[in-house]
Protein chains: 2
Amino acid sequence: MPASTPAPVRIAILGPGTVGTQVVRLLTEQAEDLASRVGAPLEIVGIYVRDTAAERDPLIPRALLTDDVDALIAGADLVVELMGGLEPARSFILQAIGAGASVVTANKALLATHGPELFEAADAANVDLYFEAAVAGAIPLVRPVRESLAGDQVQRILGIVNGTTNYVLDEMTTRHLGYDVALKQAQELGYAEADPTADVEGHDAAAKAAILASLAFHQRVALEDVYCEGISAITAADVAAATESGHVIKLLAIAERADGGVTVRVHPALVPLAHPLAGVHGAFNAVFVEAQAAGELMFYGQGAGGAPTASAVLGDVVSVARHIATGGKGPRESNYAVLPVLPIGAASTRFQIRMNVPDRAGVLASVAETLASKAISIETVRQQAGAAGPGCAELIISTHRAPERDLESTVASLRESAAVNSVLSVLRIEGE
Amino acid sequence: MPASTPAPVRIAILGPGTVGTQVVRLLTEQAEDLASRVGAPLEIVGIYVRDTAAERDPLIPRALLTDDVDALIAGADLVVELMGGLEPARSFILQAIGAGASVVTANKALLATHGPELFEAADAANVDLYFEAAVAGAIPLVRPVRESLAGDQVQRILGIVNGTTNYVLDEMTTRHLGYDVALKQAQELGYAEADPTADVEGHDAAAKAAILASLAFHQRVALEDVYCEGISAITAADVAAATESGHVIKLLAIAERADGGVTVRVHPALVPLAHPLAGVHGAFNAVFVEAQAAGELMFYGQGAGGAPTASAVLGDVVSVARHIATGGKGPRESNYAVLPVLPIGAASTRFQIRMNVPDRAGVLASVAETLASKAISIETVRQQAGAAGPGCAELIISTHRAPERDLESTVASLRESAAVNSVLSVLRIEGE
């Protein structure tokens, strides 16, 4: 160790808020320990807020507040962006990179939208851009996938990356609640927002899927490349049928290699009870990774919340600050591979199709023929008379794995078939 | 990017074997991708084996084999040690560090025994010593705990870190097999060795517990500091009683903060069914981490096997090679904290005590009094007449949390009590 005290790493924080407040607290409380891990003290040189007078959190030291973002960025080695949203976060990050500062961000919307631009800028300026907190909150996921699996090949990622929808589906499953009741309860407990659209329609999960896919396949995946279906159409009957067949329904973010490219999608799926993802309860998140050599891995933890997210931000701050203090740089993100992102039709999956059918002879034969004509083979058939009303039966068919586009056209044919009163639901089966 | 091709990173592999063969395969197959991630090509300069003529694996190129370890180490930037055992692995690693090479190792026995010496040598020489594969095989665990949680405080680690014992206990639980039958089956399937002692008595798990505890608490924990109990005394009756009370039995490696230090122990434990560790089946491993800010995290995957372990080794090789090619160094391991390792008596836990008692009035009162006299409070009591033989009953008591030393002396008193025929089993309850 050098005899003289090393120069401190100067940290600017953009946007306090719940996460920023916890980051400031941890940086202050653990200062000595962090300095020893980094090899230099960490100094908060300022906290940017638009309106310094409006900031009232008692944990944020008044003296550090500033509304002069240009001066703050110019005097920092490391900028921690916790503002959220696209602008001005994007401009501030580019300004920091341009000034030679490294950046840590928790901003998933920004990375899903402008990730390639930001990573290229960081690589061109030879600075770090770290984002552990942007994907699955506190769960260390970015670092393992970028670094631990750097010598391996990821085949598929299946993630429960939205706590709100997992809470709602878990309550529907374990306490037999309807969708509306479970959602209302989630809102009362603070797990869901007053306008839950971004969560329940899968938009939040889609942004994380884009980042996860970019990471796992070294590929530019934009938000608009992600096929997205939410959970608002899931009924108590879907959940009951899932339970009956030994599955639970989870909203999954899926990125996987397909023939000639990768597919990226978010939708509710039937997951077998014995699969590790089936045991992820409440608002927890988990990401299941299948890699060629490593086999099956799963990362589990809290996907949101001030302190958990701050923990992930701090881990990044320590890594980046160590690079600043002692040399080195994290992995480059901008050397993208050439695997194209394919439309969802190219994905290979299994369907479970629930139908209301007339309760008479010949119906099953007719339905089976429709599937056979599309070269879709049937794995299991279950029929319950009466469940669907007088004179009707409920027919539940699980298919073997087939291209999504063939399954879709099969369902379209079933909807038109005289042997089918109505298609009640179509759910993909994943994790087998 | 520089116009000239960067110098290759020269890699020496010590000991091929199952893992080494897979490492060589991955380094060869993924050469181009790895070079782009590292920023320089990776070149295998030689593979050390004691007897070059005896090496017959078709995947190992003959031309790279050498028995001249001194020349091999002298010409390498990065030495990958996959020999296992204490010597000569320890001497070779020290020799490599002395020559200025960085080291990647998968050798848990060596790190549990000589870790501090090796880490101090690496820090003094300013080279990397990486060991992701030494703790839980393919599971990225070392990097997340060392780096992602670097700004957080780990409170407790609960790990299923031995696949053999998890397989045996899982078979006993899900298929109601006896211990001997389940172990025999594990041996037939290759999950357990002919002499299973190191696995079933917990020695393998204890070595991993020592490394995990060192990592999580920045503390020197030696193998002899780890309290260790295996699973060979677990009976079908224990498993049935666990199921009855809503638990599964798992062999856990536990490291946790206690008053004034840390405790490190390996023993079978009752884990509630809803706990994420309860869903870890077969020979899989998982490590559950409780951190102050991040909350609950779990890392799941394969704990052994050639390809999975090779994946973890490769991740380390890429990180270390990037440091060699572009500058930088991983986290220091030798700046140890001052938390002492406490004896197991200082741990705080809960006991479930199964007893054979006379089936007569006054027995429960007498047992309750014994516990009260030691200030141990009872959480639940269950009694089954007849289960323990004519005139006898089985009494199952779960205690509240208390210091291990008080629980132990309570059990000793129960064994001597006239109200107790015999103590059938004592199991700790963890994960609540």
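Brief remarks on what is shown
- Candidate set from the stretch B:116-133 (those that are under 20 Å from the mean Cα position of the chain (by Cα) and modelled with pLDDT of 90 or more); member that is surrounded by the fewest Cβ atoms within 10 Å (Cβ to Cβ): B:F119
Every residue, every condition in (1) in the same structural domain as A:V420 (by TED's automatic domain parsing); (2) modelled with pLDDT under 90; (3) of a type in the set (S, T, Y); (4) surrounded by fewer than 17 Cβ atoms within 10 Å (Cβ to Cβ), yes or no:
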{"position": "A:M355", "(1), (2), (3), (4)": "yes, no, no, no"}
{"position": "A:A361", "(1), (2), (3), (4)": "yes, yes, no, yes"}
{"position": "A:A365", "(1), (2), (3), (4)": "yes, no, no, yes"}
{"position": "A:A368", "(1), (2), (3), (4)": "yes, no, no, yes"}
{"position": "A:S377", "(1), (2), (3), (4)": "yes, no, yes, yes"}
{"position": "A:T380", "(1), (2), (3), (4)": "yes, no, yes, yes"}
{"position": "A:Q384", "(1), (2), (3), (4)": "yes, yes, no, yes"}
{"position": "A:A388", "(1), (2), (3), (4)": "yes, yes, no, no"}
{"position": "A:G391", "(1), (2), (3), (4)": "yes, yes, no, yes"}
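- Matching residues, the stretch A:353-363, being of a type outside the set (A, V, I, L, M) and part of a strand (DSSP E or B): A:R354, A:N356, A:P358
- The listed residue being among the small types (G, A, S), farther than 20 Å from B:K329 by Cβ, touching a residue at least 60 places away in the same chain (Cβ under 8 Å) and surrounded by fewer than 24 Cβ atoms within 10 Å (Cβ to Cβ), out of B:G84, B:G137: B:G84
- Residue count for the stretch B:295-304 under the criterion of being surrounded by fewer than 24 Cβ atoms within 10 Å (Cβ to Cβ) and more than 8 Å from chain A (Cβ to nearest Cβ): the result is 1.
- Single unsatisfied condition, A:T410 versus (1) of a type outside the set (D, E); (2) under 34 Å from the mean Cα position of the chain (by Cα); (3) surrounded by fewer than 18 Cβ atoms within 10 Å (Cβ to Cβ): (3)
- Yes/no for A:G345 being in contact (Cβ under 8 Å) with a residue 12 or more places away in the chain, within 22 Å of A:E416 (Cα to Cα) and either surrounded by fewer than 20 Cβ atoms within 10 Å (Cβ to Cβ) or not aromatic (F, W, Y) (or both): yes
- Against the criterion of being modelled with pLDDT of 95 or more and either in contact with a strand residue (DSSP E or B) (Cβ under 6 Å, 6 or more places away or on another chain) or within 14 Å of chain A (Cβ to nearest Cβ) (or both), B:T105 qualifies.
- Qualifying residue in the stretch B:146-157 (condition: at pLDDT 90 or above, surrounded by fewer than 24 Cβ atoms within 10 Å (Cβ to Cβ) and more than 13 Å from every other protein chain (Cβ to nearest Cβ)): yes
- Tally of residues being over 16 Å from B:N356 (Cα atoms) and among the β-branched types (V, I, T) across the stretch B:378-409: 3
- For the stretch B:174-215, a residue qualifies if it is in a helix (DSSP H, G or I), touching a residue at least 60 places away in the same chain (Cβ under 8 Å) and not charged (D, E, K, R), and the qualifying residues are B:T174, B:A205, B:A206, B:A207, B:A210, B:I211, B:L212, B:A213, B:S214, B:L215.
- Per the listing A:A307, A:A312, the residue uniquely facing chain B (nearest Cβ under 8 Å), over 25 Å from A:S398 (Cα atoms) and surrounded by fewer than 24 Cβ atoms within 10 Å (Cβ to Cβ) is A:A307.
- Subset of the stretch B:30-39 that is at the interface with another protein chain (Cβ under 9 Å from one of its Cβ atoms) and part of a helix (DSSP H, G or I) - its residue that is surrounded by the fewest Cβ atoms within 10 Å (Cβ to Cβ): B:S36
- Of all residues in the stretch B:342-374, those that are small (G, A, S) and within 15 Å of B:I397 (Cα to Cα) total 4.
- The residue of the stretch A:256-294 that is farthest from the other protein chains (Cβ to nearest Cβ), among those that are buried (at least 23 other Cβ atoms within 10 Å of the Cβ) and polar (S, T, N, Q), is A:T263.
- Some residue of the stretch B:372-386 being assigned to a helix (DSSP H, G or I) and touching a residue at least 40 places away in the same chain (Cβ under 8 Å): yes
- Condition met for A:R350 (surrounded by 14 or more Cβ atoms within 10 Å (Cβ to Cβ) and not in a helix (DSSP H, G or I)): yes
- Options A:A31, A:A74; residue that is of a type in the set (G, A, S), modelled with pLDDT of 85 or more and over 30 Å from B:N126 (Cβ atoms): A:A74
- Filtered by the rule that a residue be assigned to a helix (DSSP H, G or I) and among the basic types (K, R), the stretch B:40-74 gives a lone residue, B:R62.
- So A:P331, is it outside any strand (DSSP E or B), under 19 Å from the mean Cα position of the chain (by Cα), facing another protein chain (nearest Cβ under 7 Å) and on the phi < 0 side of the Ramachandran plot: no
- The single condition among (1) surrounded by 24 or more Cβ atoms within 10 Å (Cβ to Cβ); (2) farther than 26 Å from A:P308 by Cα that B:E244 does not meet is (1).
The values are calculated or read from the model by the stated rules, or taken from the named source; none is laboratory data. Everything numeric in this text was worked out from a predicted model, so none of it was measured. Because the Cβ atoms are built from the backbone with ideal geometry, glycine has one as well, and the counts that use them run over all protein chains shown.
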